[in-house]
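The structure under discussion appears below in the form of structure tokens.
The values are calculated or read from the model by the stated rules, or taken from the named source; none is laboratory data. Quick caveat, the model's predicted, so the values are computed rather than measured. Glycine also receives a Cβ, built like all others from the backbone with ideal geometry; neighbour counts cover every protein chain displayed. Quick note on the areas: whole protein, heavy atoms, side chains included, nothing else; ligands and nucleic acids left out. Shrake-Rupley method; radii C 1.70, N 1.55, O 1.52, S 1.80 Å.
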Amino acid sequence: MPTNLSLLFPNFSKELIAEIEKEAFLQEAEAGTTLMRTGQYIKNTVLVTQGKIKIYREGDDGNEFFMYYLQPGQACALSMICATRNEKSKIMAKVVEDASLLMIPLPSMDKWMMHHRSWYEFVIESYRNRFEEILEVVDSIAFRSMDERLEFYIKRHRDACGCQEIKLSHQEIANELNTSREVVSRLLKKMEQRGLVKLNRNQIELLQ
């Protein structure tokens, strides 16, 4: 069990952390591991203590619709909803960077909602943050051109990793934006000409 829970989740009460340490179990997952698939039932809520998880939708044609990342100190609000309502998952979750995860059984989550104010507030804040992120994605698709969507997408990745160098191939970006690799390559080249990015093999460096 991680010893830094109070640092990762500073708003959790000492009593809640004690119960998490007692009732949750730790799971290690390597990069590339699929944690959650469309159509499966979810029995546990996931708290991320290390690594990065990508949450996305997968179309019938295999294309991916990127939604958001989960990082240390965060939980997946959509999986919480599916778990509490005993519904099948409508999302996919894949490990991007080797991760350590605290798996919270559904009965524990239900109990903590009633007995721990800090858990209740954490869940509500998780819902709110993810809802706002999804609204940004929807706005990007509905109201922005592809070059604007690409710039928005790259900046989201930068903000998620806290770095200026994004390790993504043109094909990965194309899959997540539901467009072609040729379109992504052409638009990235234009961004490079404008001095916004520097392109390397499977890597994009943001200059602004």
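General remarks:
- Restricting attention to segment 32-48, the residues that are part of a strand (DSSP E or B) and within 15 Å of the chain's Cα centre (by Cα) add up to 7.
- Count of segment 1-31 residues, restricted to those that are open to solvent by 50 Å² or more (accessible area, probe 1.4 Å) and outside any helix (DSSP H, G or I), is 11.
- Across segment 87-106, the qualifying residues are those that are among the charged types (D, E, K, R) and in a strand (DSSP E or B), and the one among them that is nearest to Ile173 (Cα to Cα) is Lys94.
- Whenever a residue of segment 64-86 is modelled with pLDDT of 85 or more and part of a strand (DSSP E or B), its partners that are hydrophobic (A, V, I, L, M, F, W, C) and open to solvent by 10 Å² or more (accessible area, probe 1.4 Å), lying with C-beta atoms within less than 6 angstrom and at least six residues away or across chains, give the pairs Tyr69/Ala160.
- The number of residues in segment 69-93 that are out of contact with any helix residue (DSSP H, G or I) (no Cβ under 8 Å at 6 or more places or on another chain), polar (S, T, N, Q) and buried (at least 20 other Cβ atoms within 10 Å of the Cβ) comes to 1.
- Failed criterion for Tyr153 (all others in (1) touching a Phe, Trp or Tyr at 6+ places or on another chain (Cβ under 9 Å); (2) closer than 30 Å to Met113 by Cβ; (3) among the hydroxyl-bearing types (Ser, Thr, Tyr) hold): (2)
- The criterion of being more than 18 Å from the chain's Cα centre (by Cα), assigned to a helix (DSSP H, G or I), exposed (fewer than 13 other Cβ atoms within 10 Å of the Cβ) and of a type in the set (D, E, K, R) holds for Glu121.
- Residue within segment 44-59 that is surrounded by fewer than 15 Cβ atoms within 10 Å (Cβ to Cβ) and not charged (D, E, K, R) present: yes
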